[in-house]
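Only one structure is covered here, and it is reproduced in the block below.
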Amino acid sequence: MLRRKYRQGAKGGAMIELILALPLLLLLTIGIIELGTIFFTWNALNKSVRDGTRFLTDPNVSVRSGNNVTTTPTNRQRAINLVKYGKFNPIIGTDPLVVNFTNANNPQFVVNNPVFRDFLGGDGTPDHVVVSATYIHPLIVADTLNGIMGFFGGDFNSGNITISLPATVVMRIR
């Protein structure tokens, strides 16, 4: 059997390489998880805004009368609830569709009032509905860095690192 002879002190080389490479691998893994979470949240936000816009394009919900398109305040609120909660009449205390991962009790999720606009004719008659929402996504990396630095006895005060995820959908009124 062949035996390799090690020089004095060469036995810890693999351990040193692991110590140098492990933080980079952890950072890469956390970054991939963060990007996946951001993409999932952005996709859910866009889908919910599309659903709210589609609801307002229904001719029974948004009524044309002359040069104006109107909807009731109830239907406007139902569209906002559809964007935010995924249902017309949410139960009080229901979590929004897009959940704030670091603080589920205080999600930063703003749905703007739907707007009827004239994009085609130029005659002032609204023919499209615009619904937009913005979600302030807190980064998981900030909490992870706090935990890692705390483990090593350091203090990383990341504050509130967030990314704004806007979604706007424009659909023609049927």
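Contact list please: Cβ distance under 6 Å, first residue in the range 72-92 and under 20 Å from Asn60 (Cα atoms) and free of Cβ contacts under 8 Å to residues at least 24 places away in the same chain, second residue part of a loop (DSSP other than H, G, I, E, B) and of a type outside the set (D, E, K, R), pairs at least six apart or on different chains.
Partner pairs satisfying both residue conditions: Asn75/Val61; Arg78/Phe88; Asn81/Phe88; Asn81/Pro90.
Of the residues that make up the range 55-66, is at least one within 28 Å of the chain's Cα centre (by Cα) and within 15 Å of Tyr135 (Cβ to Cβ)?
Within the range 55-66, none of the residues are within 28 Å of the chain's Cα centre (by Cα) and within 15 Å of Tyr135 (Cβ to Cβ).
Taking into account only those residues within the range 118-174 that are aromatic (Phe, Trp, Tyr) and closer than 27 Å to Lys47 by Cβ, which is modelled with the lowest pLDDT?
For the range 118-174, the residue satisfying everything is Phe119.
Can you run down the residue pairs with Cβ atoms below 8 Å, 6 or more apart or on separate chains, where the first is in the range 32-57 and in contact (Cβ under 8 Å) with a residue 12 or more places away in the chain and the partner is loosely packed, with under 15 Cβ neighbours inside 10 Å and of a type outside the set (A, V, I, L, M, F, W, C)?
From residues that are in contact (Cβ under 8 Å) with a residue 12 or more places away in the chain, the pairs are Val49/Thr168; Thr57/Arg172; Thr57/Arg174.
Is it true that Thr37 is touching a strand residue (DSSP E or B) at 6+ places or on another chain (Cβ under 6 Å) and either surrounded by 14 or more Cβ atoms within 10 Å (Cβ to Cβ) or within 30 Å of Gly122 (Cβ to Cβ) (or both)?
Here the answer is no, as Thr37 does not meet what is asked.
For the range 12-130, which fully contained strands (runs of 3 or more DSSP E) count at least 2 residues that are out of contact with any Cys (no Cβ under 8 Å at 6 or more places or on another chain), of a type outside the set (Phe, Trp, Tyr) and under 18 Å from Thr168 (Cβ atoms)?
109-111, 115-117
Just name the residue that is surrounded by the fewest Cβ atoms within 10 Å (Cβ to Cβ) out of those in the range 40-69 that are in contact with a strand residue (DSSP E or B) (Cβ under 6 Å, 6 or more places away or on another chain) and among the hydroxyl-bearing types (Ser, Thr, Tyr).
Thr57
I need the full set of residues from the range 31-60 which are at pLDDT 90 or above and charged (D, E, K, R), in order please.
Lys47, Arg50, Asp51, Arg54
Can you say whether Val99 is at pLDDT 85 or above, closer than 20 Å to Thr134 by Cβ and either touching a Ser or Thr at 6+ places or on another chain (Cβ under 6 Å) or surrounded by fewer than 16 Cβ atoms within 10 Å (Cβ to Cβ) (or both), as far as the supplied structure shows?
Here the answer is no, as Val99 does not meet what is asked.
The values are calculated or read from the model by the stated rules, or taken from the named source; none is laboratory data. Since the model is a prediction, treat every value here as computed from it, not as a measurement. So basically every Cβ, Gly included, is an ideal-geometry build from the backbone, and we count neighbours across all protein chains shown.
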